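Take a look at the structure below.
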Amino acid sequence: MTATQDQPNTSSSTASTGDSALAVKDLWKIFGDRADKIIGTPDADLTRKELQTKTGCVAAVKDVSFDVAPGEVFVVMGLSGSGKSTLVRLLTRLIEPTHGSVQMGGEDITSADDAKLRELRRKHVAMVFQHFGLLPHRKVIDNVGFGLEVRGENRQARRNRAQEMVDLVGLSGYENSYPDQLSGGMQQRVGLARALAADPQVLMFDEPFSALDPLIRRDMQNEVIRLHEEVGKTMVFITHDLAEALKLGDRILIMRDGEIVQVGTPDQVVGAPADDYVRDFVSDVPKSHVLTLRWVMRQPQPGEGEGGPALQADRIVRDAAREVLAAHGPVRVFEGDELVGVVDDEDILRVVVAEEASQS
């Protein structure tokens, strides 16, 4: 689908508003002997396979830069081996970068000494992994409060905070249960509560729902959306699942062989894929479920749509379809208070028909 107006640059990796909660610049991770000697040489321009053949080194993450805005849900997506899980570990130096910088809330993670790094990990960032990592001999409330215990907070304060988080994630009544008494989805809720208990600036998720059954996975995705609406935390979410990325992400970074292929909002990734790799990824996505009206609207003729309904340009096509089809003429489309286009039955049906044709 081609938009009728100029679209934002989908290759941009800069958050759109506010100071960055997370800023990554020129980040590399090369595994192998003398890995630090490769950057800045012609070998750095080799493909991953060529580099490995020539030097025995593997470039897991290659010259990655992006910003994440405060309160943004930023999804990093890619197939197995794309470098996404290595990337999230570099952000907190669970793996040491070969080159580049990571700043979180203005603090330089890559140059922090051990004491500063411990403080950042305890107070400013929390991680949720696929494997829950719960302490089997501790009750739910004690698992949730464990990070606060490590920080040295007194027992009553951490239990009060843990109870708040247990209630927040919908586990009220299970405070005194043990992990093996809970379902997989409930255990992951404990992991979410534990991460939130420390009140971090940034939450990082490394494929947290990959091992869950599809229905439980959907429930947990909805839980993340609900929690984000309630607490507004900055989130970096790693996944290999496109549907999950499109559902959760304000913006999506797609990786292949350690490099960035595209960064954009869900509608940018679906509406203007950067290359054939991304185009193949999104080929089966129902366009009307992702594209917004700005992708299907057209320039209005003088007086067109006046007196009729008005919709915002960021409305999803599927959600706007009923109002557009019910209107007696073109519907005006606005960006805030500015008229930017009109959309009518044909514009909506063009998307739907193309969608049905691609799935037949």
* **Cβ pairs under 8 Å, 6+ apart, first in the stretch 123-137 and within 14 Å of ASP180 (Cα to Cα), second hydrophobic (A, V, I, L, M, F, W, C) and assigned to a helix (DSSP H, G or I)** => PHE132/VAL190; LEU134/VAL190; LEU135/PHE146
* Asked: Right, ASP108: of a type in the set (Asp, Glu) and open to solvent by 70 Å² or more (accessible area, probe 1.4 Å) or not?
  -> no
* **Single condition GLY152 does not satisfy, out of (1) under 23 Å from ARG93 (Cβ atoms); (2) in contact with a Gly (Cβ under 7 Å, 6 or more places away or on another chain)** => (2)
* What do you reckon, is THR234 under 17 Å from the mean Cα position of the chain (by Cα), among the β-branched types (Val, Ile, Thr) and buried (at least 16 other Cβ atoms within 10 Å of the Cβ)? -> yes
* If you check VAL144, VAL166, which single one turns out to be within 29 Å of THR239 (Cα to Cα) and touching a residue at least 40 places away in the same chain (Cβ under 8 Å)? -> VAL144
* Confirm whether LEU227 is surrounded by 20 or more Cβ atoms within 10 Å (Cβ to Cβ), in contact with a His (Cβ under 9 Å, 6 or more places away or on another chain) and within 22 Å of MET165 (Cα to Cα). => no
* Structure fact -> Of (1) more than 30 Å from ASN222 (Cα to Cα); (2) among the β-branched types (Val, Ile, Thr); (3) open to solvent by less than 60 Å² (accessible area, probe 1.4 Å), VAL73 satisfies every one except (1)
* Asked: Is the stretch 199-215 home to any residue that is under 21 Å from ALA69 (Cα atoms) and in contact with a Gly (Cβ under 6 Å, 6 or more places away or on another chain)?
  -> yes
* To do: State which residue is nearest to LYS49 (Cα to Cα) when the search covers only the stretch 22-36 and only residues that are assigned to a strand (DSSP E or B) and open to solvent by less than 40 Å² (accessible area, probe 1.4 Å).
  => ILE30
* **Members of the stretch 59-69 that are crowded, with 16+ Cβ neighbours inside 10 Å and either of a type in the set (Gly, Ala, Ser) or modelled with pLDDT under 95 (or both)** => ALA59, ALA60, ALA69
* Only one residue in VAL236, VAL278 is among the β-branched types (Val, Ile, Thr), outside any loop (DSSP other than H, G, I, E, B) and in contact (Cβ under 8 Å) with a residue 60 or more places away in the chain. Which one? -> VAL236
* Asked: How many of the residues making up the stretch 132-156 are under 17 Å from ASP167 (Cα atoms), open to solvent by less than 70 Å² (accessible area, probe 1.4 Å) and of a type in the set (Phe, Trp, Tyr)?
  -> 0
* To do: Could you list all residues from the stretch 247-275 that are part of a helix (DSSP H, G or I), within 25 Å of LEU27 (Cα to Cα) and open to solvent by 10 Å² or more (accessible area, probe 1.4 Å)?
  => LEU248, PRO266, GLN268
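The values are calculated or read from the model by the stated rules, or taken from the named source; none is laboratory data. Owing to the predicted nature of the structure, the values given are computational and were not obtained by experimental measurement. Here the Cβ is made from the backbone with ideal geometry for all residues, glycine too, and neighbour counts use every protein chain on show. Accessible surface is based on the protein model in full, side chains and every heavy atom, while ligands, DNA and RNA are left aside. Shrake-Rupley method; radii C 1.70, N 1.55, O 1.52, S 1.80 Å.
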